[in-house]
Amino acid sequence: MNQQVTKARHVAIIMDGNGRWAKKRHLPRAVGHQRGVEAVRVLVRAARQMGLEALTLYAFSTENWRRPEEEVSALMGLLKRYILADLREFIDNNVRLRIIGNYKELSADIVDLLEDALTRTASNDGTTLVVALNYGSQDEIARAAAKASAKGAITPAAIEAELDTAGLPPLDLLIRTSGEVRLSNFLLWQAAYAEMWFTDVLWPDFTPGHLEQALTEFETRERRYGGR
Ligand code: IPE
Ligand code: IPE
Ligand code: MG
């Protein structure tokens, strides 16, 4: 077999299944989300140790506002606590934070916290942790197209340059947990030629071992980009 092994530079994950994880254990959904944050913490460390260039995590979608207010505020609280608790670790370990999505529509205290974290990690050049917050791909593409149009012609390259992900390495691998096989408005543009990896594992049970498994399978995939 004359196949060249290419390593993934940019992996994105739809972290799904917190609710079902909790339900199986007769626990409140919020506990599932809490355990989901633990899985994030461990995975970010692993991604950094593996030397991944970018890890993009879908944390809150433009559609997740449809959930009961109590759940939305639990998720926002967890986000806040995660950034507060782990910012020092990002700074000390050369992790750069980036946010995609319309995060400025979140509450003012969260926006301030995020912007402080963005500034304080801006010169780091290790792994970029990209958190998708109030993110919807359709919203992102519409915003990018409007900006491209204001500057001139709407071409794919002009739109791409205005996407929230501009400047990140191309998306190599898209993972979704919990057995659902759909994109749920995540990275629709960027996934054009990404490889996909789906697992039944619920997000709180996802470990660095699962990421390694996905990356190993990625290396066996032949990417043709429409050519031959
Ligand atoms: C993913 O878990 C977390 C977010 C979408 C914020 P879910 O809350 O969607 O869990 P399920 O899909 O109900 O199991
Ligand atoms: C996608 O999961 C959004 C995040 C993981 C943040 P959802 O649970 O919201 O997706 P659907 O509703 O099952 O498509
Ligand atoms: Mg879900």
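Just so you know, all these numbers are worked out from the coordinates, no wet-lab data involved. Worth saying up front: this structure is predicted, and the values here are computed from it rather than measured. Note that we place each Cβ from the backbone using ideal geometry, even for glycine, and neighbour counts take in every protein chain shown.
When you filter the trypsin sites (Lys or Arg not before Pro) in region 82-171 for DSSP loop state and at most 13 other Cβ atoms inside 10 Å of their Cβ, nothing is left.
Overall, the chain carries a charge dipole of about 300 debye about its Cα centre when +1 sits on the Cβ of Lys and Arg and -1 on the Cβ of Asp and Glu, all other atoms neutral.
Net charge dipole, region 175-228: roughly 360 debye, given to the nearest 20, about the Cα centre with Cβ charges of +1 for Lys and Arg and -1 for Asp and Glu. Take the chain and mark each of the GluC sites (Glu not before Pro) that is in a DSSP loop with at most 15 other Cβ atoms within 10 Å; the longest unmarked stretch, sites excluded, is 64-179.
Dipole of region 10-94, Cα-centred, from +1 at each Lys and Arg C-beta and -1 at each Asp and Glu C-beta, to the nearest 20 debye?
380 debye
Quick check: net charge around VAL111, other residues with Cβ under 12 Å of its Cβ, Lys/Arg +1 and Asp/Glu -1?
-3
Computed over the chain, the percent of Cα pairs more than 26 Å apart is 37.
Scanning the chain for helices, which whole DSSP H stretches are 18 Å or more long along the axis (Cα) and average 0.0 or more by Kyte-Doolittle?
On the way: long enough: 29-50 (31 Å, -0.14); 69-92 (35 Å, 0.17); 108-121 (20 Å, 0.27); 137-151 (21 Å, -0.61); 208-220 (19 Å, -0.65).
The answer, listed by residue number, is 69-92, 108-121.
Working out 0.36 nm times the residue gap between GLU70 and GLU212, then minus their Cα-Cα distance, what length gain in nm do you get to one decimal? Could the numbers behind the result be given before it?
Numbers: separation 142, 0.36 × 142 = 51.12 nm, distance 3.49 nm.
47.6 nm is the gain from fully extending GLU70 to GLU212.
Full extension of the chain between ARG221 and LEU183 gives 11.7 nm of extra length, using 0.36 nm per residue less the Cα-Cα distance. For LYS151, a cut-off of 18 angstrom between C-alpha atoms picks up these aspartates and glutamates, skipping any fewer than 8 places away in its own chain: GLU140, GLU160, GLU162, ASP164. Here the ratio of the Cα radius of gyration of region 1-76 to 2.2 N^0.38 Å is 1.40.
Placing unit charges on each Cβ (+1 for Lys and Arg, -1 for Asp and Glu) gives the chain a dipole about its Cα centre, and among VAL111, ALA22, TYR58 the Cα reaching farthest toward its positive end belongs to ALA22.
Taking each residue as 0.36 nm, the span from ASN94 to ASP139 lengthens on full extension beyond its C-alpha to C-alpha distance by 13.2 nm.
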